[in-house]
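Since the structure comes first, as structure tokens, the remarks are kept for the end.
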Amino acid sequence: MSKSEVKAILECMAGSNVDYHIQKVQTEHRMKLVNFWDIKTGSRILEIGCGQGDTTAVLAYYAGETGFVHGIDIGSPTYGSPVSLGESAGYLMKSQLGKQVKIDFNVDLLSNEVDFPEKSFDYIVFSHCSWYTKSSSELLNIMKKVRKWGQQLCLAEWSTNINSIEQYPHLLSILIQAQYEAFKQKSESNVRTLFDSQ
């Protein structure tokens, strides 16, 4: 990954106007993921839980002008701060990557109305979104439903294994939020079900 590639992607992301350094770190991380998944130019990609498009922009860059990324998210376009999901998507759609991206919000994947023909996509991507699901059974049902839509599943999630003391407060906040969410029936929180590698 070159500095010019990182810069080209960052120019397409609204988050880089809010905190350039954080967006740069997040983008570099996602570029490593996309390289690991070996996303090819010209690929058709379905991204589940696209959120503010942190991974969407990187996928679109690697898929290139002949590729296509369809991002879907259960969230509302008004969700999120300081930049909402809709504002972030709008910014990406107006960028040089916008022509190869489609983003839909308020999409319940388990609804009977949501379907794609078999093998519509080369890749189905779940990037840092599994914690948003209501339960492990909901995640499993989503995986079962989407697997026929694509050739390859690409999954990434944050780890609960910390390597430095600076990560400890974030881990504690995630653990507390996950415990609190276990007692709620409805939620729009970031962490609803905490999955880890243990």
Within the range 127-140, restricting to residues that are under 25 Å from residue 77 (Cβ atoms) and assigned to a helix (DSSP H, G or I), the one that is farthest from the chain's Cα centre (by Cα) is 138
Among 43, 76, 16, the single one that is in contact with a Leu (Cβ under 9 Å, 6 or more places away or on another chain) and either among the basic types (Lys, Arg) or closer than 22 Å to residue 147 by Cβ (or both) is 43
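Residue by residue, here is whether (1) part of a loop (DSSP other than H, G, I, E, B); (2) of a type outside the set (D, E, K, R); (3) under 27 Å from residue 5 (Cβ atoms); (4) outside the structural domain of residue 62 (by TED's automatic domain parsing) holds:
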residue: 95; (1), (2), (3), (4): yes, yes, yes, no
residue: 115; (1), (2), (3), (4): yes, no, no, no
residue: 122; (1), (2), (3), (4): no, no, yes, no
residue: 125; (1), (2), (3), (4): no, yes, yes, no
residue: 148; (1), (2), (3), (4): no, no, no, no
Scanning the range 31-71 residue by residue, those of a type in the set (Val, Ile, Thr), in contact with a strand residue (DSSP E or B) (Cβ under 7 Å, 6 or more places away or on another chain) and assigned to a loop (DSSP other than H, G, I, E, B) turn out to be 39
Just one listed residue, out of 165, 124, 174, 142, is surrounded by 13 or more Cβ atoms within 10 Å (Cβ to Cβ), modelled with pLDDT of 80 or more and over 19 Å from residue 30 (Cα atoms), and it is 142
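The values are calculated or read from the model by the stated rules, or taken from the named source; none is laboratory data. Owing to the predicted nature of the structure, the values given are computational and were not obtained by experimental measurement. Heads up, the Cβs are rebuilt from the backbone with ideal geometry, glycines too, and the neighbour counts pull from every protein chain shown.
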